[in-house]
Amino acid sequence: MVYVSSKMIIADASVLIALAKMRMLDLLNSVYGHVLIGPQVKAETVDAGKRISAPGVERIEKALDDGWLQVARLSSKEESTTHSIVSKGGLDAGEAESIALASS
């Protein structure tokens, strides 16, 4: 899912993984220019992806290296919002971080 905030675009793991597998990750760069992800999304896509040799992980890493995809630093308010969303159930930490970032 891609969340649009008034100032930025925030992507969660599912959209990164799907676009990377289809070799279309650069579409986000072409359309939005600058995309943010939360630390948990990086952990889910790059860190876990490397451990299991997931297809497309190298494309996500390249986007991070190129700088158009960046890992956001969560504020204490965003961390609190993330924990609140996760504790209510139904969403994982990556999705909750993305929502918290988009809400701030």
Would you say residue 78 is assigned to a helix (DSSP H, G or I), in contact (Cβ under 8 Å) with a residue 24 or more places away in the chain and over 14 Å from residue 8 (Cα atoms)? yes
Only residues in the stretch 12-25 that are within 16 Å of residue 92 (Cα to Cα) and polar (S, T, N, Q) count as the first member; pair them with residues that are at pLDDT below 95 and crowded, with 16+ Cβ neighbours inside 10 Å, Cβ under 9 angstrom, at least 6 apart or cross-chain, and list the lot. 14/94; 14/95
With the requirement that a residue be among the acidic types (Asp, Glu) and closer than 12 Å to residue 95 by Cα, what does the stretch 27-50 give you? 44
Scope the stretch 43-102; condition closer than 17 Å to residue 18 by Cα, touching a Leu at 6+ places or on another chain (Cβ under 9 Å) and among the hydrophobic types (A, V, I, L, M, F, W, C); matching residues: 46, 60, 63, 69
Would the stretch 13-27 turn up any residue that is buried (at least 21 other Cβ atoms within 10 Å of the Cβ), aliphatic (A, V, I, L, M), within 17 Å of residue 104 (Cα to Cα) and modelled with pLDDT of 95 or more? no
Which listed residue is modelled with pLDDT of 95 or more and in contact with a Lys or Arg (Cβ under 8 Å, 6 or more places away or on another chain), from 46, 57: 57
Does residue 98 qualify as being under 12 Å from the mean Cα position of the chain (by Cα) and under 12 Å from residue 10 (Cβ atoms)? yes
Leading residue by the ranking (farthest from residue 97 (Cα to Cα)) among those in the stretch 18-74 that are of a type in the set (Val, Ile, Thr) and part of a helix (DSSP H, G or I): 31
When the stretch 81-95 is checked residue by residue, the ones that are part of a loop (DSSP other than H, G, I, E, B), farther than 20 Å from residue 11 by Cβ and of a type outside the set (Lys, Arg) are 89
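The values are calculated or read from the model by the stated rules, or taken from the named source; none is laboratory data. Nothing here was measured: the structure is a model prediction, and the numbers come from that model. Glycine gets a Cβ as well: all are built from the backbone with ideal geometry, and neighbour counts include every protein chain shown.
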